[in-house]
1. Residues that are surrounded by 14 or more Cβ atoms within 10 Å (Cβ to Cβ) and at pLDDT 95 or above: which helices (runs of 4 or more DSSP H) entirely in the stretch 91-198 hold 3 or more of them?
2. Can you tell me which residues in the stretch 70-81 are aliphatic (A, V, I, L, M) and in contact with a helix residue (DSSP H, G or I) (Cβ under 7 Å, 6 or more places away or on another chain)?
3. Among all residue pairs at least 6 apart or on different chains, which show Cβ distances below 6 Å where the first residue, located in the stretch 159-179, is within 25 Å of residue 214 (Cβ to Cβ) and the second is of a type in the set (Val, Ile, Thr)?
4. Can you go through 91, 103 and tell me which one is among the aromatic types (Phe, Trp, Tyr) and under 13 Å from the mean Cα position of the chain (by Cα)?
5. Between 191, 210, which is closer than 26 Å to residue 32 by Cβ, polar (S, T, N, Q) and not assigned by TED's automatic domain parsing to the domain that holds residue 42?
6. Would you mention how many residues in the stretch 73-117 are closer than 20 Å to residue 36 by Cα, free of Cβ contacts under 8 Å to residues at least 40 places away in the same chain and out of contact with any Leu (no Cβ under 9 Å at 6 or more places or on another chain)?
7. Determine whether the stretch 27-48 contains at least one residue that is over 25 Å from residue 165 (Cα atoms), assigned to a strand (DSSP E or B) and touching a residue at least 40 places away in the same chain (Cβ under 8 Å).
8. Condition (residue is surrounded by fewer than 15 Cβ atoms within 10 Å (Cβ to Cβ) and at positive phi) applied to the stretch 28-39: is it met by at least one residue?
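The values are calculated or read from the model by the stated rules, or taken from the named source; none is laboratory data. Just so it is clear, the structure is predicted and the values come from calculations on it, not from any experiment. Please note: Cβ atoms are built from the backbone with ideal geometry, for glycine as well, and neighbour counts cover all protein chains shown.
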Amino acid sequence: MRQSTLARLVSRPELKSFNDLKGKVIGTTTIGGSQHMAGIRLLRKAGLNPDKDVTVVLAGDVPTQLQALASNSIQIGILSPPTVIIARDKFKMNILARAMEEFSSLQNGLGVLEKNLKEQRDLVKRIARARAKANRYFHANERGTSEVLAKYLKVDLSSALETYRLTRAAFTTDGIPSEAEVREHLMMDAQALKLPEPVSISKVFDFSLQQEVNSELGLR
């Protein structure tokens, strides 16, 4: 599980500070998605009002957002590696903030129906075990993981290696976030969905199977 979003708030070369962003257009993949919410939180943390100081538009996936930045159809993007590396090196875009340095944001967990967890527990456990082993490899093998990333992302090994180093800290070592991170995640969801209060942890999360797998694999 990723405990921090990989999003970076990126601006065109002429926009060098958060004050320069007022009145500008920010692109996102989906309204209300993790990328969008990360960008909004970074703007608020910098003292901007996302509802008044910027205009949010749908601008496609991360590579498409970079194209929109380059053409000036948007002036702010919410990019992640390796695209953010290209934005920095090729287009001289400014990286104004990194979400993983500011707050946690749970992503990419394994979700199943309660019915399936009860009736197909062995299958779910095998999936959790495979993810745990892959996660262990990810943290322990910089070179091997970078080579896989280079093939998957279709980038050169140097960019893949930097992508790995930029993102490694965002991933849990055991697949289980802390209670504080879970509570913050549910609180942010409640705010986004305009719920009167966050949903209880027990209604959404159950890490008992992952804990069982971790114990068998000797993961901490």
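1. Numbers: elements: 114-119, 121-140, 142-153, 157-167, 179-193.
The helices (runs of 4 or more DSSP H) meeting that bar are 121-140, 142-153, 157-167.
2. We begin by selecting, within the stretch 70-81, every residue aliphatic (A, V, I, L, M); these are 70, 74, 76, 78-79.
Matches in the stretch 70-81: 74, 76, 78, 79.
3. So the pair list comes out as 164/145.
4. On the way: 91 fails: under 13 Å from the mean Cα position of the chain (by Cα).
Of the residues listed, the single one that is among the aromatic types (Phe, Trp, Tyr) and under 13 Å from the mean Cα position of the chain (by Cα) is 103.
5. The match here is 191.
6. Just the residues of the stretch 73-117 that are closer than 20 Å to residue 36 by Cα, to begin with: 73-85, 87, 93-109.
Checking which are free of Cβ contacts under 8 Å to residues at least 40 places away in the same chain leaves us with 83, 101.
Adding the requirement that they be out of contact with any Leu (no Cβ under 9 Å at 6 or more places or on another chain) leaves 101.
The number of residues fulfilling the criteria is 1.
7. yes
8. If we filter the stretch 28-39 for residues that are surrounded by fewer than 15 Cβ atoms within 10 Å (Cβ to Cβ), which is where we start, we get 30-33.
Still in the list and also at positive phi: 32.
Among the residues of the stretch 28-39, at least one is surrounded by fewer than 15 Cβ atoms within 10 Å (Cβ to Cβ) and at positive phi, which makes the answer yes.
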